[in-house]
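For reference, the structure I am asking about is given below.
Only the coordinates and a few stated rules stand behind these numbers; no lab work does. Source: prediction; values computed, not measured. Every residue, glycine among them, receives a Cβ derived from its backbone with ideal geometry; neighbour counts consider all protein chains shown.
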Amino acid sequence: MSVETETPNVATAVTAVQVRQGEEGAFTGWLTQLNKTIATFPGLLVDEGTTNVIQGSNTELSPQDMVTEIITVSVKPGMEEAYRDWVDRVRQVEARFPGYQGLQLQLPIPGLQDDWVSLLRFDTSEHLNAWLESDARRDALQEVEPFIERREQQVATAFSGWFTFGDAPGQAPPNWKQSMIVLLTLYPIVMLEQMFLNPLLHSLGMAEAIFIGNLLSVAATGFLLIPLALRAFEWWLLPGPNDSPRVEAAGIALVIAGYALSIAVFAWLT
């Protein structure tokens, strides 16, 4: 159900904070005072927020170290309580999987956000993918179908926009694999720019020349080489649950061999 508002342009801030274990009460009190202060500023459309304290998270991990799946759901009118009960049941199932760091549920905000948004966190992409590929998740998705109209998901990682797979929506490789592929594809572009583009930009200032070089390198990497690398290395970036550890070692060895080949080729050319 959509809610009309006379405010065409609004801004929404969603803040996730990891609280030290045992300090939840103090944090809630501080947050209450903060909300009262925010309410005194002009332009606030909603004076009530949603706060979720996730119990049992690993305090040794920062949010940057985790991998987060963002799930956006449109719930059928009248099914809100059924959906919340389903989320509570699924949270208990997810908690039994290794690496689970918590599930945060953001309720709709009338006039600003009609969908229900869940932030599901695991400590690594491997552990998140294990949940995404599990029979327990497939059963849970079948159970929730009568309650929802639409469901979207995405995984927030270092290079989320580049590392997407049409046949594996919502899954993403670990950040270190993504970084290895970015280096493999970016290095040849940068070397070609040094050899052929930089002499042509000699008459420009440093700021202009570097901007043009970065523009071309990012475009070539993101739109040309990364898609080729995804097709070539998908077997390694998203291995199956039954794949041998040799698959992991073979992928690492192949990427390192690509580094060595690139260095050898450009050393010979220069």
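Assuming a viscosity of 1.002 mPa s and a temperature of 20 °C, what translational diffusion coefficient in µm² per second does Stokes-Einstein assign to the range 175-269, Rh being the Kirkwood radius over Cα pairs?
The diffusion coefficient I find is 144 µm²/s.
In what sequence do MET79, MET206, MET195 fall when counting other Cβ within 10 Å, fewest first?
Listing MET79, MET206, MET195 from fewest to most nearby Cβ atoms yields MET206, MET195, MET79.
May I pose another question? Calculate one ³J(HN,Hα) per residue across the range 89-104 by plugging θ = phi - 60° into the Karplus curve 6.51 cos²θ - 1.76 cosθ + 1.60, and present them in order as whole Hz with x for glycine and proline.
5, 5, 4, 5, 5, 4, 5, 7, 8, x, x, 5, 10, x, 10, 10
Moving on to the next point. To the nearest 20 debye, what charge dipole does the range 175-269 have about its Cα centre, counting +1 at the Cβ of each Lys and Arg and -1 at the Cβ of each Asp and Glu?
That gives the range 175-269 a dipole magnitude of about 120 debye.
Would you grab the residues whose amide H sits under 5 Å from the one on LYS76? Only those 5+ places off in sequence or on another chain, please, with H modelled 1.01 Å from N.
ILE148, GLU149
Here's a follow-up. Bin all alpha-carbon pair distances of the range 64-117 at 10 Å intervals from 0 and give each bin's fraction as a whole percent.
Whole-percent P(r) values from 0 Å outward: 20, 49, 26, 5.
Check GLN101: other-chain or 5+ apart residues with amide H under 5 Å from its amide H, H built from backbone geometry?
HN-HN under 5 Å from GLN101: ARG121, PHE122, ASP123.
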